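Asks: This is the structure, below, for whatever I ask next.
Nothing in this text is a laboratory measurement; each read-out follows from the coordinates by a stated rule. Computed from a predicted structure; not experimentally measured. Note that each Cβ is placed from the backbone with ideal geometry, even for glycine, and that neighbours are counted across all protein chains shown.
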Amino acid sequence: IQPGESTSYALDVPWRQGKYAGRTSASMSELLLLRCALAPLSTRDGVESTKVVCFDRVGDSIRLSPSRLTSIGSHVATGLLGVRVAGVVGTDGPTRTLRFILMQKEVTTTGYIGNAMRDTISPMPSFMTGEPAPHVDDDDSRTKALLDAAANAAQLLNAGNLPDETEATKQAFFGTGICKRPPLEMKDKPHTNLHEDNNDAGDDITCELSCSGFVFSIIDSSPTELAVISLHGVRAGATWNSLRNDYARSRILVGWFQLDNHCPGSVYPVALRPRLKVDGSWKDEEGSNVENAKKPFTADKPFLELKVDFAPRHRTGIQSLSAGASLHDVEIFLDLAFILRMQHWWLGIQNHIIYASGNSASVFVDSQETWNLPSIDHLIKQKTGQTISHQSMYFHRLTILPCNVTLSVAPVRALARHQEEFEGEEASAIHAAVRKGDLLVGEGSGVLGVKIGSKNQTAISVVQGMLKSILVDALLRCDGASLNFEGVALFNHTSNGPQLVTYLGAHYLASLIANVPALIGSLAAFGNPLGLIRDLGDGVSDFVNEPVKGIRRSLEEMDPSFALSGVARGTGSLARRTVGGFADSAAMLTETAAKNMAVLTLDRRYAQRRDRVMKLKANDAKAAATILQGLESGVQKFVHGVLEGVTGVVSKPIRGAERSGFEGFAKGVGKGLLGLVMKPVIGTTDLLTDTLIGVKGSVEGVYSEGMLTLHSQVRPRRALYGRDRVVKPYRIDDATAATIQSKLCIGGEEYFSHVDMVKNVALMSVRRLLILSGDGEELFLIPYSDIRKIEMQPQIEPPEGFVVRIFLHETKANGSDYEEVKCDEENMANLLCEKLTEVISNAL
């Protein structure tokens, strides 16, 4: 091989070698051996300079000594004692390479002596080589080539242009410096000197993008807003060369990621977010507590960091790259209704894409023009000759760091009647089916499904329905399950897209299976024993570590108060976590028992009303409750349970007789007597649950207040306008007004508009007008069909202002035929009249 040249070899199915001789197959290390020499092996020069290197081990190296060549003469050989030819095994993308480079070596006394002794040995006879002796002409040309190469090497050594051993090994291993390959565009150009710098190096291009954030609204076909995805602190950057003769580097960084759940009746308003720790620290010089205060939607490290480095284009066409990903520890809060509605939305998107792809065109709504859907696979095939899914990729390194996921799953709350009207029949059916436990796993087009509209007609089906509801609730309701997912590390790995997805899927599936004990141990039906153990462990850790920190701080500051504070903090943490942990675990057990007993009453309306009651532990703010609040809430639920049981004895038979006659009367008597026994017990259990929650909140309330700000949604649910629920650009005031409307008597009606008059607020649905006072009191409610006309006039009596009079078709009970709305400013009154005129014209 001449200087600057390269050659290649391929080994086909090496594991099959040796099987035909009746022995075990040769290992990769035995097969990938290469003999390297400075001269043909048929000569003594080749035998003297032969070394063996294994291609299977990246980083292996050999050193060949030109001074061992006898045909160049002792004088020339002595001048080459300080020169070595280094060979280092490295990688060039998916290809294993062996690069040779000249380097300088310090000459010792033994080197001179050994060279002199080899010069006295006679040449080896040609018959010992096992090959015919070379012709004289070939021998002379080889000797001339060796002498020319020796002269050039000696000249480089004397001029100090040869690198030392460390630098030479680095250049050979990484393919830099003199070992750097030319761009692909130049490999076929004649008379190219590889040691000269290329003036046409191409343009270096750098792109940087920095955004404060993005917000994506997910809207289903009803339409209603299901969820909001928000990304904060998004940064992206890329650097590449126009000739692709150097590494192209890219980086994506997402500071914060949050998924908000906007389905009504959801227990958790936030479905996914990074996990943060808010804990106190030592007092500062002024005596105030120093805490790890965080700005909203910021974390101690980015939520996602992705780095991808693309190697220069390889002659094989395989894309070579290095990739790394880091994911922040996350918290996931889910309920089944949200999962199923999101799955239903995604399947609808897939159906639209399939429909559009099958027809090869789709209609653009605004202009009614057709546009062809781009085929990404076709574009990539035009450039590379391969489809995107089967294009080979070589990973120098693929690293995904480990991640911890805290999972909480809550039961589904029943929807109120106005929520069912607003969400639509399909969404309401999903909520009802999930509450009953009518789940279908692996059936239909999605992973999960529900059985819509099922009814229990027989006694056996009633019992099966109860057991199914209890079982689904017991298996799916968990609180703070800690799931650990191992990282991924691949080196020198070649695969295509489907193979990589299969490998990663199998890896994370194995991690998920390994976390099954953690999931079972975090079920609320068992009282979350792992959470209790975790709390006790944290308490013991603080009991030991906090005094040590205090003593260390006291020695630094020469102040014994820090040691005393550390002892107090450690003891307090142990007591707080112990009492709070046991109280929380017991509260879960009593809550599970109360929920299951509510199912056993066979009173669906009672179970739904109990779900809709504002619970003491709303969302994650349960630790903020006190013992007094817990007792107050528990006593109210106890009284409510007793009243429900007593009144049900009378009301249930009457209601059953009205519906089904004597049969309904008999069923009502049975339900009433069952409720008389069960409902007071449920009330007593609720009393215990809320009291225990209050105990936990009293001992942990100070340390959990900071967590309340971390559970807020990015923004209120989007307002959809009019009977057709038109989607318009988002407005925070309309969204707030629509959220307030959804909780009032007109919550089941579509939102139209609102007018904020400072002291009063006018909420306008598509059917009625509701006026609220500043403290939220409902002043009056008027259907648009009752309005005859609207007038605005100045207010004569002080305070000065304007009055909007709404005249009615019929006279009210007090003898008046109008309602008045007072406004401080004329523009507010004009705006109210304008909005009312618009909504009345649309309604009528």
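Asks: Under a crude label model (7 Å from the Cα following the beta-carbon direction), how far is VAL677 from GLU820 in nanometres?
Replies: It is 6.2 nm.
Asks: Based on the Cβ-Cβ distance from ARG553 to ALA518, what FRET efficiency comes out when R0 is 35 Å, to the nearest 0.05?
Replies: Details: r = 36 Å, r/R0 = 1.02.
Between ARG553 and ALA518 the formula returns 0.45.
Asks: To the nearest 0.05, how large is the calculated FRET efficiency for PHE174 and ARG788 if R₀ is 51 Å and r is the Cβ-Cβ distance?
Replies: On the way: r = 87 Å, r/R0 = 1.71.
Working from the Cβ atoms, E equals 0.05.
Asks: Also, quick follow-up: Given labels modelled 7 Å from the Cα in the Cβ direction, how far is it in nm from GLN636 to VAL758?
Replies: Each label point is offset 7 Å from its Cα along the Cβ direction, giving 3.4 nm.
Asks: Then there is this: Strictly over 31 Å apart at the Cα level, which of LYS301/LYS595; LYS743/LYS812; LYS637/LYS822; LYS667/LYS743; LYS696/LYS759; LYS51/LYS180 would you flag in this model? Mind showing how you got there, number by number?
Replies: On the way: LYS301/LYS595 40 Å; LYS743/LYS812 27 Å; LYS637/LYS822 41 Å; LYS667/LYS743 34 Å; LYS696/LYS759 40 Å; LYS51/LYS180 24 Å.
Exceeds cut-off: LYS301/LYS595; LYS637/LYS822; LYS667/LYS743; LYS696/LYS759.
Asks: Counting only residues 5 or more places away or on other chains, whose amide H sits under 5 Å from the amide H of LEU483 once H atoms are built in the peptide plane?
Replies: VAL405, THR406, LEU407
Asks: Hey, another quick one. Report ³J(HN,Hα) in whole Hz for each residue of the range 544-557, in order, from the Karplus equation J = 6.51 cos²θ - 1.76 cosθ + 1.60 where θ = phi - 60°; Gly and Pro get x.
Replies: Couplings: 8, 7, 4, x, 5, 4, x, 5, 4, 5, 5, 5, 6, 8 Hz.
Asks: Here's a follow-up. Restrict the search to the range 790-844; then list the GluC sites (Glu not before Pro) that DSSP places in a loop and that have at most 11 other Cβ atoms within 10 Å of their Cβ. Display every interim value, and only then the final one.
Replies: Working: sites: GLU791, GLU800, GLU810, GLU819, GLU820, GLU825, GLU826, GLU834, GLU838; in loops: GLU800, GLU810, GLU825.
Qualifying residues, ordered by number: GLU800, GLU810.
Asks: Calculate, for SER561 and LEU536, the FRET efficiency according to 1/(1 + (r/R0)^6) with r their C-beta to C-beta distance and R0 35 Å; round to the nearest 0.05.
Replies: On the way: r = 29 Å, r/R0 = 0.82.
In this case the efficiency is close to 0.75.
Asks: Amide H of PHE780 versus every other amide H placed in the peptide plane: which residues, excluding those fewer than 5 positions away on the same chain, fall under 5 Å?
Replies: Close amide H contacts, sequence-distant or interchain: ILE771.
Asks: Name the long-range amide H neighbours of GLY202: under 5 Å, sequence gap of 5 or more, or other chain; modelled H, no Pro or chain starts.
Replies: none
Asks: Something else: Can you tell me how much longer the chain between ASN152 and ASP733 gets when fully stretched, taken as 0.36 nm per residue apart minus their C-alpha distance, in nm with one decimal? Please list the in-between numbers first.
Replies: On the way: separation 581, 0.36 × 581 = 209.16 nm, distance 8.17 nm.
Length gained between ASN152 and ASP733: 201.0 nm.
Asks: Pop a pseudo-label 7 angstrom from the Cα along the beta-carbon direction at both ARG244 and PHE780 and give the gap in nm to one decimal.
Replies: 7.5
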